[in-house]
Amino acid sequence: MPIDQQPQASTGLAAGRQPRSLWRNRDYLLLVCGQVVSQLGSQFSLLAFPLLALFISGSPAHAGLIGSMRLLPYFMLSLPAGALIDRWDRKRLMFVCNVGRGLCLLSIPIALALGHLTLLQLYLVSLLEGTFFVFFDLAELASLPHVVAREQIIAATTQSEMAYNLSFMLGPALGGIIYGLGKSLPFLLDACSYLISLCSLLLIKTKFQRTRETRPEKLWIEMRAGLLWIWHQPLILFLACMGTLFHLFFDGIALIVIVLARQTHAAPLLIGLVLAMDGVGSTLGLLLFSRLSKRFSFHAISSVCYWIWAMLWLTMLLAGNMLTLGIILALIYCAIMIFDLAQFSYRRLLIPDELQGRVNSVFRLIAYSGAPLGLTLAGLLLQIWGPSMTITVLGIGVIGMALLITFNSHLRRARPLSEISREKFVEIPAD
């Protein structure tokens, strides 16, 4: 079937039937609430990982490398994971992955209690937890269109991201307090959060995919289908490539903040509060996105957001204290969230259900390939030149991204999200 005639995921609603409110949709609420709790726990451990690595080794480079190990599996496993997710039961897979992630994190407090925690274990836990995360994340990404109606996808994406950002806002601040109470406590609570997520998945009745009517092809053939789909969509391919650069220049931000804070002898609580500006800024972006997406084009939103990010990034050099740095971070996260919601909604509306796993795996393989390099680059730059030069070098890269976004012809011709959300079929003109 030609790409411009691909049907979208069925929502289980009859044609013309008014969808029920998202706040009365039991399965949608279970899915979102379960993941909010899980992500809150993840924020505890994500803050604790570099702090614990710095405590053991005293090396920012090790802290950056340990963080990058969690993202490395996306680069190695995305393509086969995407094809397998379109074959396997997505809900069952998410359940298994959460069990694996919880057990991995539980090993850290056990090793700490026994006095045998090493950097090697932190590397291995980060790698294994990241491997489970690849499969879980791709399956969860494909699940939302099955628990809400098509015309609710943009609203559901915005509302779910707003709920998730509560964890981003509260997690680092609470994580700093919790880490101060005990180095093993953040990992223990994160492991417990997966138990709540497991319960929510068990209570969801909706299936997370349609029954496949055709017999699965060989794995490499199904992987090729995802590659071909995204190859024939220049705008989606461009956004994926921009994702690579985004992670390369941005993923070291938490490590930069931690090193800046350590230079001023800031307490873990203050570090957590500054990193919590992620949630504050992202929530502001979520509140602004709905209005902006109706009034401005995808190109205008993208260009303005990236230029705001570029200008604010360089102002971090002038931040005289942690409070000012926190405000700057909040505004950066606000701009990034608005752009991320726009491109995320665009992809969810365009990708057919039977290709959700494969196309999203290709997209994230490309986009996330910059993440391990980003954390490693930030760690090395901080080790060699310190935070000021690191911010300058990465800031030059952000300016380059803003120029690419501004002058990309495919982004200029992108159709409004509100128009695409009302269609039953994808109708993208061939380039």
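Values in this text are rule-based calculations from the coordinates and carry no lab data. Bear in mind the structure is a predicted one, so any value in this text is a computation, not a measurement. Don't worry about glycine lacking a Cβ; one is built from the backbone with ideal geometry, like all the others, and counts go over all protein chains shown.
Give me D for the stretch 13-162 in µm² s⁻¹, whole number, from Stokes-Einstein with Rh from the Kirkwood sum over alpha-carbon pairs, 37 °C and 0.692 mPa s. Result for D is 190 µm²/s. Which FRET efficiency value, to the nearest 0.05, is calculated for GLU151 and VAL99 with the Förster distance at 35 angstrom and r the Cβ-Cβ distance? The formula returns an efficiency of 0.50 here.
Positive-end ranking of PHE250, LEU284, LEU269 along the dipole of the stretch 203-330, with charges on Cβ about the Cα centre, is headed by LEU284. If you sort the three axes of the alpha carbon gyration tensor as a ≥ b ≥ c, you get a/c of 1.5 or more for the stretch 99-187 and a/b no higher than b/c, which makes it oblate. Could you estimate the translational diffusion coefficient of the stretch 239-362 from the Stokes-Einstein equation, with Rh from the Kirkwood formula over C-alpha pairs, at 20 °C and 1.002 mPa s, in whole µm²/s? Rounded to a whole number, D works out at 135 µm²/s.
The stretch 82-111 and the stretch 224-292 have Cα centres lying 24 Å from one another. Here, the stretch 347-417 is characterised by an Rg to Rh ratio of 1.12, where Rg is the alpha-carbon radius of gyration and Rh the Kirkwood radius. Normalised by residue number, the volume inside the convex hull of the Cα atoms of the stretch 139-280 is 182 Å³ per residue. If the chain linking CYS199 and ARG262 were pulled fully straight, counting 0.36 nm for each residue of separation and taking away their Cα-Cα distance, it would gain 18.8 nm. Under a model in which nothing but the beta-carbon of Lys, Arg (+1) and Asp, Glu (-1) is charged, the stretch 296-414 shows a dipole of about 200 debye around its Cα centre.
Taking only the C-alpha atoms of the chain, the Rg (one decimal) and the largest Cα-Cα distance, Dmax (whole number), read 21.0, 63 Å.
Can you give the Kirkwood hydrodynamic radius of the stretch 318-386 from its Cα pairs, in Å with one decimal? Computed over Cα pairs of the stretch 318-386, the Kirkwood hydrodynamic radius comes out at 15.1 Å. With helices as the sole contributors, the chain gives -26500 deg cm²/dmol at 222 nm; each DSSP H run of n ≥ 4 counts as -39500 (n - 2.57), and the sum is divided by every residue. With the simple model of a label 7 Å out from the Cα in the direction of the Cβ, LEU228 to CYS192 spans 5.1 nm. In order along the stretch 315-329, the Karplus-derived 3J(HN,Hα) couplings, from 6.51 cos²θ - 1.76 cosθ + 1.60 at θ = phi - 60°, round to 5, 4, 5, 9, 5, x, 8, 5, 5, 4, 4, x, 5, 4, 4 Hz, and Gly and Pro are given as x. What the phi angles of the stretch 234-247 give under the Karplus curve with 6.51, -1.76 and 1.60, with θ = phi - 60°, is a coupling list of x, 5, 5, 5, 4, 5, 5, 5, 5, x, 4, 5, 4, 5 Hz, glycine and proline written as x. Dipole magnitude for the chain: computed about the Cα centre from +1 point charges on Lys and Arg Cβ and -1 point charges on Asp and Glu Cβ, it is near 780 debye. Applying 1/(1 + (r/R0)^6) with r as the Cβ-Cβ distance of SER57 and THR315 and R0 = 22 angstrom yields a FRET efficiency of 0.10.
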